[in-house]
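Read the structure below first, then the notes.
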Amino acid sequence: MQNRPKEGVRAVARKTPKIILALGGGGARGFAHIGVLQVFEEANLKISGIVGTSMGALVGGTYAAETDLYYLARLVDALKWENLVDFHLPTLGLIDGAKIQTLIDLLTKGKKIEDLSLPFWAVATDLHTGEEIVFKEGLLAPAIRASISVPGIFNPVEYNKRILVDGAVVAGVPVSIAKEMKGDLVIAVNVGFDHTHHRINNIFDVLSKVQDIMGNRLDRYQMELADLAIVPQLGNIGTMHFHRAQECIDIGRKAAEEALPQIEAWIGKFQQEENG
């Protein structure tokens, strides 16, 4: 015989807060995002949306396209990244980007942003107007390719009569844009680099250092807008150190694990307030 609730007593569904992630750029350091997402998935922490800039767009977008995080981790650790660098005579960038586009196409499976099961936006910058361009619809692959187009290194992307470069030019950690998803909690993941310890050995170091200096100033403002911040301690790992992918993933995992109690406490408080 099925038990019935006592008269006057009804079950109260505990509202699940809408958690939005703002994943920042940082080149190879952005592989830490994989570790963060792995820990959240293992903890059954439901994510309601992701906004990504640069490497944050690459990791967040491929995750939203339902690429397995552990497959992605193995892939980025095993890839010979130098094989994806297609140098050409400089016009608008040192690297053409066709090879990395092929990888992005593979990981995004031809999906459109509006068809993703997990809401996702990618941030790029209009080189002519200086505006932030937020991809909320259309094919996922070109949106990510535009978002990762570090000025001077990658050729910009021509899209809808615009010339687009890295979203980190306007939003290294896209918290203000993530707020537009109307979530209950915006968690920023900042993998930015401490440029003061960045040695300069070649042209890539010069370009990435300039990007880091500009980005760090912008990120301070953006991080103040976040409800909660995760900052993986990536030390001296540089933006071009793609051979240290697994190290970045492990550090991202550690940072997320340390943040979980605070996130769970916030969720508990939110549910208590919502349910009276």
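Scanning for something modelled with pLDDT under 90 and among the small types (Gly, Ala, Ser), does the stretch 178-190 turn up at least one residue?
Checked the stretch 178-190: no residue is modelled with pLDDT under 90 and among the small types (Gly, Ala, Ser).
Considering only residues that are assigned to a loop (DSSP other than H, G, I, E, B) and under 16 Å from LEU234 (Cβ atoms), look in the stretch 1-31 and name the one that is modelled with the highest pLDDT.
GLY24
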### Query
Within the stretch 157-189, can you find the residues that are under 30 Å from PRO261 (Cα atoms), open to solvent by less than 40 Å² (accessible area, probe 1.4 Å) and assigned to a loop (DSSP other than H, G, I, E, B)?
ALA171, GLY172, VAL173, PRO174, MET181, GLY183
### Task
Determine whether LEU103 is farther than 16 Å from VAL150 by Cα, modelled with pLDDT under 95 and surrounded by 16 or more Cβ atoms within 10 Å (Cβ to Cβ).
yes
### ILE34 being at pLDDT below 95, buried (at least 20 other Cβ atoms within 10 Å of the Cβ) and not in a loop (DSSP other than H, G, I, E, B)
no
#### Entry: Members of the stretch 137-156 that are in a loop (DSSP other than H, G, I, E, B) and either under 16 Å from GLY56 (Cβ atoms) or out of contact with any strand residue (DSSP E or B) (no Cβ under 9 Å at 6 or more places or on another chain) (or both)
ILE148, SER149, VAL150
### Residue satisfying all of: in the stretch 204-240; closer than 11 Å to ALA168 by Cα and of a type in the set (Asp, Glu); modelled with the highest pLDDT among these
ASP219
### Task
Mind listing whichever residues of the stretch 233-268 are within 30 Å of ASN83 (Cα to Cα) and small (Gly, Ala, Ser)?
GLY235, GLY238, ALA245, GLY252
#### Entry: Subset of the stretch 106-131 [under 17 Å from GLU158 (Cα atoms), among the charged types (D, E, K, R) and either modelled with pLDDT of 95 or more or open to solvent by less than 10 Å² (accessible area, probe 1.4 Å) (or both)]
ASP126
### Task
Filter the stretch 234-273 for residues that are in contact with a strand residue (DSSP E or B) (Cβ under 7 Å, 6 or more places away or on another chain) and open to solvent by less than 40 Å² (accessible area, probe 1.4 Å) and give the result.
ALA255, ALA256, ALA259, ILE263
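The values are calculated or read from the model by the stated rules, or taken from the named source; none is laboratory data. Just so it is clear, the structure is predicted and the values come from calculations on it, not from any experiment. Every residue, glycine as well, gets a Cβ built from its backbone with ideal geometry; the counts of neighbours run over all protein chains shown. The protein model used for the area step is the full one, side chains on, heavy atoms only, and it has no ligands, DNA or RNA in it. Shrake-Rupley method; radii C 1.70, N 1.55, O 1.52, S 1.80 Å.
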